[in-house]
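The values are calculated or read from the model by the stated rules, or taken from the named source; none is laboratory data. As the structure is a computational prediction, the values presented were derived from the model and not from experiment. Cβ placement follows ideal geometry from the backbone for every residue including glycine, while neighbour counts extend to all protein chains displayed. Just the protein is used for accessible areas: all its heavy atoms, side chains included, with ligands, DNA and RNA removed. Shrake-Rupley method; radii C 1.70, N 1.55, O 1.52, S 1.80 Å.
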Amino acid sequence: MQEQRIMAGWSFYRGVPDRFSTPERTVVDLPHDMQVGLPQSREANAASGFFPGCAGTYEKTLDIPQEWEGEKVFVEFDGVYGNTTVSLNGSRLGFHPYGYTPFVVDLTRRVRFGEPNRLEVAVDNTQTPNCRWYSGAGLYREVKLLHGPLCRIQHRGIFIKTESIDGDTATISAEVRVVNDGALPFHGHVDLTLTAPGGEAAQGRTSVWVEPGETAPARLRLVVQSPQLWDVDTPALYAAEAALTSPGNAAPVDRASTRFGIRTVAVDAVHGLRVNGKTVKLKGGCIHHVTSPLGAADFDCQTRRVLKAHKEAGYNALRLAHNPPSQRFLDLCDEYGLFVIDEAFDGWHVGKTPHGYHQFFDEWWERDVEAFVLRDRNHPSVIIWSIGNEVFERAGTGDGYWVSQRLAEKVRSLDSTRPVLLALCTLWNGLDDQDAQELQRRAGEPLGQNGESSYTNEIWADRTESMASPVDIVGYNYMEDRYLSDHALFPDRVICGTESFPMAIVRVWELVEQCPYVIGDFTWTSADY
């Protein structure tokens with residue numbers, strides 16, 4: 001499909017769509033945070049920077065050419081915070097609650113080809129608090145208009161994997177998914193070209209047959225000679241371009257491309273984390289997506305400043321706490337050479353704030369996991385998927401064991417090339433009534449966040465084992481004192497220090513270097529917010 005950014009000249013007004021009046025409008029360019037400019041209030045939530053909740057409506061006139069008739073037309077949002085309703089020409093076509101995952105809305109059935117079309121995006125962030133940090137609100141990331149033929153390469157349908165690196169060759173497997181929205185079967189070919197930083201690296205071709213209304217994968221295996229490997233010190237980026245052709249047509253039916261890096265990732269308790277076959281310790285920092293007084297709007301220049309500061313300070317890794325970042329953020333991590341833990345959720349069924357994502361989790365988690373994995377799986381910077389952070393269910397309450405298993409397996413079904421992590425902390429909450437009463441009796445008073453008691457320390461390993469067993473890496477938040485003792489209990493467990501206090505870094509890093517099964521440490525936080 002072809003795509004174009006639609007970032008300039010949006011009409012914006014405060015509030016939800018109003019059909020009976022003409023609200024005062026302003027013209028804004030994206031990215032735009034509609035919350036950061038509001039008057040602050042003592043009555044507002046501290047986590048939101050004392051900015052009140054808000055709602056706003058964005059409108060954009062789209063001139064859809066007549067020659068697109070007969071094609072599919074979509075709009076893609078890289079992230080809108082939050083509870084977003086998308087309409088075209090007065091007809092509601094999509095809704096998306098989670099503010100951090102990308103989503104695509106099919107506009108085709110309401111497009112007026114050859115005429116102006118009114119795209120309306122209503123954003124409702126009035127129900128606060130819904131996040132434990134400043135989320136921002138509105139169209140704070142990229143928006144793109146997409147179009148392509150009925151039979152086309154699926155959006156985010158190219159997946160490039162490094163199967164092996166052997167001396168001066170690398171074996172690359174590729175999956176190119178072809179979707180057929182036409183009325184007849186499609187038979188054609190997929191041509192794939194891999195381009196290295198210095199020129200063409202490999203080519204391949206395979207046939208594909210797709211029945212009407214179905215999607216089929218075209219699979220290829222290519223060998224790259226003298227590969228330039230992606231690493232934090234040498235972040236070499238390749239391009240993959242796929243062309244879909246049909247018999248008798250000289251021009252391709254459709255094209256799509258993506259960037260990728262040639263590199264492998266593996267973890268075990270003996271060698272720790274290995275990238276391209278070499279053991280690496282993660283010198284990491286935790287950061288939020290927020291860029292301080294600029295709010296949540298995703299500006300390249302600010303991201304570059306943050307990444308450059310981390311590289312200069314000696315970091316080689318970032319953990320995105322606690323939600324998927326923007327597409328552009330990962331593009332720049334690829335370019336700068338930074339490892340990334342890509343995290344999906346801060347909570348599951350049980351909420352941490354009254355109006356959080358937990359109220360949508362059952363209905364939406366699978367779609368949101370799929371959206372962020374499909375978008376991010378070609379980024380070489382992403383080396384670990386995280387399915388959650390300090391979830392309330394970590395002792396098994398609220399179906400925690402079952403949810404952990406389902407999330408981990410869903411991620412692996414979409415990408416088996418990276419390990420899956422779950423970040424755990426102490427049992428200062430999340431216990432059932434009987435355990436909570438025993439904790440209260442022994443501690444004498446409720447524990448503060450990430451607090452520890454003799455009782456929770458005693459039961460932690462047993463109560464969290466079934467949460468940890470479905471994942472490849474167990475994240476320990478402020479629990480470096482357990483590294484040695486837990487290794488004796490679980491000798492095959494791979495541990496990552498997913499949060500630690502900056503003032504403890506000397507002692508923590510001594511443990512990281514001492515323990516091969518501990519793959520690194522992430523300071524909370526490396527860039528304040």
TODO: Work out how far the C-alpha atoms of segment 207-310 reach from end to end along every principal axis, then list the three figures in whole Å, largest first.
DONE: 54, 43, 28
- [ ] Can you tell me the dipole magnitude for segment 278-400 around its Cα centre, using point charges on the Cβ only (Lys, Arg +1; Asp, Glu -1), in Debye to the nearest 20?
- [x] 720
Task: Relative contact order (%) - the chain, alpha-carbon pairs under 8 angstrom, separation at least six - done: 12
- [ ] Would you mind pulling out the separation of the Cα centroids of segment 494-526 and segment 99-136, in Å?
- [x] 39
TODO: Of the listed pairs LYS161/LYS278; LYS161/LYS410; LYS72/LYS144; LYS311/LYS352, which have alpha-carbon separations greater than 23 Å here?
DONE: LYS311/LYS352
- [ ] Kindly provide the Kirkwood hydrodynamic radius of segment 193-249 in Å, to one decimal, from all pairs of distinct alpha carbon atoms.
- [x] 13.8
TODO: Translational diffusion coefficient, Stokes-Einstein: compute it for segment 412-515 using the Kirkwood radius over C-alpha pairs as Rh, at 20 °C and 1.002 mPa s, and state it as an integer in µm² s⁻¹.
DONE: 143
Task: Accessible solvent surface per residue of segment 51-180, calculated while the other protein chains remain in place, 1.4 angstrom probe, Å² - done: 32
- [ ] Starting from the Kirkwood radius over alpha-carbon pairs of segment 91-152, derive D by Stokes-Einstein at 4 °C in a medium of 1.567 mPa s and give it in µm² s⁻¹.
- [x] 89
Open item on the list: Counting pairwise Cα distances across segment 324-417, what percent come out greater than 15 angstrom?
Closed with: 60
- [ ] With no solvent and one equal point scatterer per Cα, compute the Debye intensity ratio I(q)/I(0) for segment 251-323 at 0.18, 0.27 Å⁻¹ and report its log10, rounded to two decimals.
- [x] -0.93, -1.24
Task: Tail beyond 16 Å, pair distance distribution of segment 379-450 (Cα, percent) - done: 57
Open item on the list: Using C-alpha positions alone, give me the convex hull volume of segment 1-133 per residue in cubic angstrom.
Closed with: 115
TODO: State the dimensionless ratio Rg/Rh of segment 223-274 (Rg: radius of gyration of Cα atoms; Rh: Kirkwood radius).
DONE: 1.22
Task: segment 20-107: trypsin sites (Lys or Arg not before Pro) falling in loop per DSSP and having at most 14 other Cβ within 10 Å - done: ARG25, ARG42
Task: Charge-dipole axis of segment 398-508 as Lys and Arg at +1 and Asp and Glu at -1 on Cβ define it, positive-most pick from ILE459, SER485, GLY475 - done: GLY475
Task: Relative contact order for segment 447-525, counting Cα pairs under 8 Å that sit 6 or more residues apart, in percent - done: 27
- [ ] Any chance you could get the radius of gyration and Dmax over the Cα atoms of segment 137-178, in Å?
- [x] 16.7, 49
- [ ] In Å³ and rounded to a whole number, note down the convex hull volume per residue for the Cα atoms of segment 423-462.
- [x] 66
Open item on the list: As an exercise, identify the GluC sites (Glu not before Pro) in segment 144-241 lying in DSSP coil whose Cβ has no more than 13 other Cβ atoms within 10 Å.
Closed with: GLU214
TODO: At 4 °C and 1.567 mPa s, grab the translational diffusion coefficient of segment 269-402 from Stokes-Einstein with a Kirkwood Rh over Cα pairs, rounded to a whole number in µm² per second.
DONE: 80
Open item on the list: Given Cα positions, please report Rg to Rh for segment 82-217, the hydrodynamic radius being the Kirkwood one.
Closed with: 1.08
Task: Student exercise, segment 354-405 dipole from Lys, Arg, Asp, Glu Cβ charges, in Debye to nearest 20 - done: 220
Open item on the list: Quick check on the chain: what are the equivalent-ellipsoid semi-axes from the Cα gyration tensor, as sqrt(5λ), descending, whole Å?
Closed with: 38, 32, 20
- [ ] Would you work out which of PRO502, PRO419, VAL223 lies farthest towards the positive end of the dipole of the chain? Charges go on Cβ: Lys and Arg +1, Asp and Glu -1.
- [x] VAL223
Task: All aspartates and glutamates inside 13 Å of LYS283 as judged from Cα atoms, apart from same-chain residues fewer than 8 positions distant - done: GLU312, GLU499, GLU510, GLU513, ASP521
Task: For segment 478-529, the Rg and Dmax computed from alpha carbons only, in angstrom - done: 11.2, 38
Open item on the list: For segment 9-74, place one equal point scatterer on every Cα, skip the solvent, and apply the Debye formula. What is log10 of I(q)/I(0) at q = 0.13, 0.17 Å⁻¹?
Closed with: -0.55, -0.77
